[in-house]
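Here the structure is laid out as structure tokens; the discussion comes afterwards.
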């Protein structure tokens, strides 16, 4: 639903777009405002229920929450994720990453995602997220996937791993 409402908003000039003529807009401005309120309510309910982290396109949903609600709400939810290992790890795993390649020139390169703290920066200071990764890495009770995820996130957040090192 959030995608549809965001698309309707573009027709009305949201997000810096040029508004379409009224006869080309699928809903009125009043209806758009109602739909944004409904979508915001759905996002807030998912956050309260603990299911938001599993939402497809989570990063886009966070931007919509910020636009329709407030940055403070998004920041509060993100900081709440720091207190629960599973939510925090799921959040990191679902943040957008950039594909990188590994392999030599004679072989087909394998693809993997570059995980770093930048996707949370529009909402919060990523420092506490990097610190949490360090704390979890120090515990030593992680499977290989989670350890690699946290290590890459931590290394990028501290500047130990640069783009050229992928």
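The values are calculated or read from the model by the stated rules, or taken from the named source; none is laboratory data. On a predicted model such as this, the values are computed, not experimentally measured, just so you know. Note: ideal-geometry Cβ built from the backbone for every residue, glycine included; neighbour counts use all protein chains shown.
Return the pairs, sorted by first residue and then second, in which the second residue is assigned to a loop (DSSP other than H, G, I, E, B) and modelled with pLDDT of 85 or more, the first residue lies in region 82-103 and is outside the structural domain of residue 60 (by TED's automatic domain parsing), the beta carbons are less than 7 Å apart, and the residues are 6+ apart or on different chains. From residues that are outside the structural domain of residue 60 (by TED's automatic domain parsing), the pairs are 88/82. Tally up the residues in region 40-54 that are under 15 Å from residue 78 (Cα atoms) and crowded, with 16+ Cβ neighbours inside 10 Å, please. Selection size over region 40-54: 6.
Contact map, region 1-29: residues that are over 24 Å from residue 43 (Cα atoms) paired with residues that are in a loop (DSSP other than H, G, I, E, B) and at pLDDT 90 or above, Cβ distance under 6 Å, separation 6+ or inter-chain. Pairs shown: 19/12; 19/13.
One residue stands out among those in region 58-81 that are in contact (Cβ under 8 Å) with a residue 40 or more places away in the chain and over 25 Å from residue 19 (Cα atoms): the one that is surrounded by the most Cβ atoms within 10 Å (Cβ to Cβ), which is 74.
Where helices (runs of 4 or more DSSP H) fall wholly inside region 1-78, the ranges with 1 or more residues that are modelled with pLDDT of 95 or more and in contact with a helix residue (DSSP H, G or I) (Cβ under 6 Å, 6 or more places away or on another chain) are 29-49, 58-68.
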